[in-house]
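> Below is one structure. I have some questions about it.
The values are calculated or read from the model by the stated rules, or taken from the named source; none is laboratory data. Computed from a prediction, not measured in an experiment: that's the story for all the values here. Quick reminder, even Gly has a Cβ in these numbers, built from the backbone with ideal geometry, and neighbours come from all protein chains shown. The accessibility values were calculated without ligands, DNA or RNA, using every heavy atom of the protein model including side chains. Shrake-Rupley method; radii C 1.70, N 1.55, O 1.52, S 1.80 Å.
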Amino acid sequence: MSKLILKTEGDTHVIVTRHFAAPPEAVYRAHTEPELVQKWMLGPEGWTMPVCINEAKPGGKIRYEWAHPQRGSFYLTGEFLALEPYSRIVHVERMHLPDPTPDNHVETRFVPENNGTFMTMRMILPDAQTRAAMLASNMEHGMEASYVRLEDRLKSGLARTGAA
Amino acid sequence: MSELLPLDLAFAAVADPTRRAILARLARGEATVMELAEPFDMTQPAVSQHLRVLEDAGLVVSRIEGAKRPRRLAKAGIDAMDQWLAMLRKALEKNYDRLDEVLATMGRNTEQKRKGEPQ
């Protein structure tokens, strides 16, 4: 069921790949049309995206604001650098926590595959420290919803191996 | 940041290529400082300095064997990092599972539109 692959490459790259059962045009639109982005780019359970600005043209602005009833809010800004419908999006982004994180340069490609789309998202961070920090901060935001699942995982892991 | 948490220390520790190489070497088994210094063309004090960072981050432990202090990977620290990476993967998976639903709805809408078109 887990179709997503997440790996690091060299010191500064993070690569995410996944297959979608829809044509590249649909996947591309879901990445560039605000009313679609707002439906899925929400991270862990409980977060919503009340503000979604997505000017899908070179130089166009990106602003995503997330909110959670208990955990508050934070936002991301960015700019589009290049768009090739329906195969490639290049943009830069930074999170504001509230201080801005260093720029994350992201190239997302959509290639037709088995009646669907194979997506490759390549994130390039300025240096190894920044990548470590980005992985850590993203994980922090992923933490809340994952705690319960992690507990389950640990329980089943411990039960399986019998290890302490 | 006022206080560094163990995981911050761990990720900071592995942001250095030499320390990652030391971890990779230790993944193959226990090694002394001398054995670790050799392939890296480094002085023993330099290696000891890196080992201290890795030990503080909870990624490496040592034991005493006579005059030697062989180092090995600390399973708990390495597992903790693995779990954090697994959490990021989970958050992304959650996003893309939702995207699957959005895409399915888009597909249905397109079909309905086609069906609803006047002949």
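> Which of the three applies to chain B, rounded, prolate or oblate, going by the alpha-carbon gyration tensor with a ≥ b ≥ c and a/c under 1.5 meaning rounded?
Because a/c hits 1.5 or more and a/b exceeds b/c, chain B counts as prolate.
> So which residues of the range A:12-52 lose at least 20 Å² of accessible area, probe 1.4 Å, when you go from the chain by itself to every protein chain present?
At a threshold of 20 Å² (probe 1.4 Å), the residues of the range A:12-52 that become less exposed are A:Arg18, A:Phe20, A:Ala22, A:Ala26, A:Ala30, A:Leu36, A:Lys39, A:Trp40, A:Gly43, A:Glu45.
> Please label the shape of the range A:36-110 as rounded, prolate or oblate, based on the square roots a ≥ b ≥ c of the eigenvalues of the alpha-carbon gyration tensor (a/c under 1.5 means rounded; beyond that, a/b larger than b/c means prolate, else oblate).
prolate
> Same structure, new question: Mind grabbing the accessible area of B:Asp82 for me, 1.4 Å probe, Å², rounded to tens?
Surface accessible to solvent at B:Asp82 totals approximately 90 Å².
> From other protein chains only, count the Cβ atoms within 10 Å of every residue's Cβ in B:101-110, then give the mean.
Averaged over the peptide's residues, the number is 5.
> Let me ask something additional. Per DSSP H run of n ≥ 4, the term is -39500 (n - 2.57); total these for chain B, divide by its residue number, and report the mean residue ellipticity at 222 nm rounded to 500 deg cm²/dmol.
-23000 deg cm²/dmol
> Sticking with this one: Summarise the accessible area of chain B (1.4 Å probe, protein heavy atoms) by the percent that is carbon and sulfur.
Using a 1.4 Å probe with all protein chains present, chain B comes out at 54 percent carbon and sulfur.
> Given a 1.4 angstrom probe, what's the average accessible area per residue across chain B, in square angstrom?
Here the residues of chain B average 61 Å² of exposed surface.
> Another question, then. With θ taken as phi - 60° and the coefficients 6.51, -1.76 and 1.60, list the Karplus ³J(HN,Hα) couplings across the range A:88-104 in order, rounded to whole Hz; mark glycine and proline as x.
These are the phi-based 3J(HN,Hα) values: 7, 10, 10, 8, 10, 8, 8, 8, 10, 10, x, 5, x, 7, x, 4, 9 Hz.
> What total accessible surface area, summed over both chains, is buried at the interface between chains A and B, computed with a 1.4 Å probe and given in Å² to the nearest 100?
3200
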